[in-house]
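Please read the structure below before turning to the comments.
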Amino acid sequence: MTPLPAGTPSRPSIVRRRLLLSSLCAAVFAATFAIRVHGISHHFWLLGDQIRDWGIALRPFRDLPLVGPPTHVGGYTIGPAFYWILWLLRVVFGPWFHDLPHAGGIGQAALQSGADVLLLVAIRKRTGSTWLALAAIVILATAPFALSLAAVIWNPIVGSILAETATALVLLDWPRRSLVRSGIVAAIAWCAVHAYTGAVFVALGIFAALLVQPFADGARRSLWKHAAVIGGVVVLLQVPYLVHQARAGSTPGGMSAVTDSMARVLSGSAQTRFHASADTYADAVNGIEAAPWSVPACGWLLIVCGLLVAARYRRDPALLAVILLPQVLAIAGFGFWLAGLDSYYYLSLMPAAVLTVLLGIRALLPRRAADAVAIVLCAAALVLAVPRVRAGHMFDMPQYAALVKGSSAIVSMGQPMRSVQTAFPLPPTADPTFIFRILGGRFDQKSPWAAVIQPDGRVTYTRDGAPVR
């Protein structure tokens with residue numbers, strides 16, 4: 001038997017490491033999934049956007065829109081990937097939960113926990129530190145703002161999940177030297193833009209990472225092949241949008257608000273707002289990732305750590321492309337945006353921001369000290385996770401439980417209803433009849449029956465205007 005080279009791990013050692021890594025991944029998935037869906041069947045956030053999008057997901061696939069959801073500034077996102085994914089989640093998870101909307105939230109949370117596991121493995125492989133990787137995932141998964149939205153059917157969250165997945169695949173070197181894999185990663189990144197336009201900066205960073213390695217290797221032919229694949233993927237994914245625009249005729253496109261803003265800046269009628277963009281980004285990182293506390297001079301911390309990461313990983317251009325480049329592009333890009341800026345615009349950039357700080361701290365220290373600090377950071381993240389998770393209920397809707405219980409009771413009567421109302425207030429865009437209709441309830445304006453759902457889910461009925469006891 002040929003002896004193994006010195007320093008080569010034995011087979012039992014390799015198996016043991018893989019088993020430990022698999023156990024860690026399973027634990028991370030289970031823990032992050034649990035905190036995201038805890039109590040979802042009682043307090044799912046069911047407002048106008050969720051009602052609209054889940055109603056679309058209940059349609060047959062052929063009836064899905066060719067573009068994404070409407071945006072609050074007019075227009076719509078530039079492709080239907082969000083609805084494709086939501087439809088698939090409805091098909092997979094819906095039957096287990098009577099096709100109720102929180103099934104989509106559970107599926108979305110599962111996707112995000114899967115992306116977290118992928119990113120955990122990617123950071124571990126790239127840095128050689130399990131503790132640093134675990135610290136990053138704990139910080140990201142327990143951020144109160146993001147946690148509050150994790151199981152809410154919402155396209156910016158899906159865009160963030162896809163962006164995180166593409167970033168992890170690049171850090172794993174999965175697409176390297178494979179045109180097919182490169183195309184898959186490019187497709188995931190561009191689908192993130194379909195889901196939420198603000199993810200475009202991460203997508204551009206992903207594209208740069210896919211091209212930078214053949215460029216660094218001087219493989220000009222390979223570079224052009226990868227560029228052609230990326231371009232082909234983007235064009236193919238934009239076919240539904242082009243078909244929609246052709247059908248819509250002169251209707252403004254999904255990006256009209258963005259192009260109008262840029263046109264005003266480039267024409268000289270308005271000024272760029274790079275300083276405001278940078279300030280808002282720093283505030284977003286602080287408000288999302290540091291909450292419920294605040295880190296002083298968060299912007300300067302990001303700048304210093306970014307410079308340290310650039311110096312330490314200067315020989316790893318793919319890592320720099322997916323961590324530093326998207327942040328720079330976002331600050332520059334939103335500098336041309338003349339409307340108001342909000343923290344959630346930057347959700348897809350949070351993994352890059354957290355990794356910038358963690359890798360920047362690591363870059364300051366020698367190897368042994370860096371390993372010790374990584375353990376301390378991981379321990380601190382786990383300790384602080386408890387109050388952060390408790391704060392992660394900003395977008396609960398406790399009336400949801402009563403709506404589900406009451407609607408189920410009304411449907412079980414088997415009577416068409418003239419009306420279904422609630423005896424408690426709902427948010428302005430909520431619909432007290434949506435759950436009833438999903439469960440198979442029927443309306444008939446000639447029906448003598450009307451129902452009122454009480455706060456505890458009980459139902460009171462009237463027949464021909466008289467109370468039914």
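Computed on the stretch 15-89, with alpha-carbon pairs under 8 angstrom and 6+ residues apart, the relative contact order is 21 percent.
Considering only beta bridges that DSSP places wholly inside the chain, some 65 percent are antiparallel.
Taking the Cα centre of the stretch 399-468 as origin and assigning +1 to Lys and Arg Cβ atoms and -1 to Asp and Glu Cβ atoms, the resulting dipole is close to 120 debye. Take every pair of alpha-carbon atoms less than 8 Å apart whose residues are at least six positions apart; their mean separation over the length of the chain yields a relative contact order of 19 percent.
Distant-in-sequence amide contacts of Gln421, defined by a placed amide H-H separation under 5 Å and a gap of 5 or more residues or a different chain, comprise Ala451, Val452, Ile453.
Loop-resident trypsin sites (Lys or Arg not before Pro) (DSSP state other than H, G, I, E or B) in the stretch 291-391 with no more than 15 further Cβ atoms inside 10 Å of their Cβ: Arg314, Arg315. Just need log10 I(q)/I(0) for the stretch 191-274 at q = 0.14, 0.18, 0.26 Å⁻¹, Debye formula, equal scatterers on the alpha-carbon atoms, no solvent, rounded to two decimals. Taking Cα atoms of the stretch 191-274 as identical point scatterers yields -0.72, -0.97, -1.18. Computed from Cα atoms alone, the Kirkwood hydrodynamic radius reported for the stretch 399-468 is 11.8 Å.
Of the three principal axes defined by the Cα atoms of the chain, the extents in descending order read 86, 58, 52 Å. Under the membrane-span-like helix rule (DSSP H runs whose alpha carbons stretch at least 27 Å along the helix axis, mean Kyte-Doolittle hydropathy 0.5 or higher), the chain yields 11-37, 367-390.
Projecting the Cα positions of Pro65, Ala291, Ala187 onto the charge dipole of the chain (unit charges on Cβ atoms of Lys, Arg, Asp and Glu, taken about the Cα centre) puts Ala187 furthest along the positive direction. Each Lys or Arg adds one and each Asp or Glu takes one away; over the other residues whose Cβ falls under 14 Å from the Cβ of Arg181, this sums to +2. Among Gly360, Thr433, Ser13, which residue has its Cα positioned farthest towards the positive end of the charge dipole of the chain, with +1 placed on the Cβ of Lys and Arg, -1 on the Cβ of Asp and Glu, and the dipole taken about the Cα centre? Most positive-ward Cα: Ser13. Computed per residue of the chain from DSSP H runs no shorter than four, each worth -39500 (n - 2.57), the mean residue ellipticity at 222 nm is -20000 deg cm²/dmol. Against the empirical curve 2.2 N^0.38 Å, the C-alpha radius of gyration of the stretch 154-226 lands at a ratio of 1.09.
The numbers here are math on the coordinates, done by the rules we state, and not lab data. It should be emphasised that the depicted structure is a prediction, and the values quoted were computed from it without experimental measurement. As a convention, Cβ positions derive from the backbone with ideal geometry for all residues, glycine included, and neighbour counts pool all protein chains shown.
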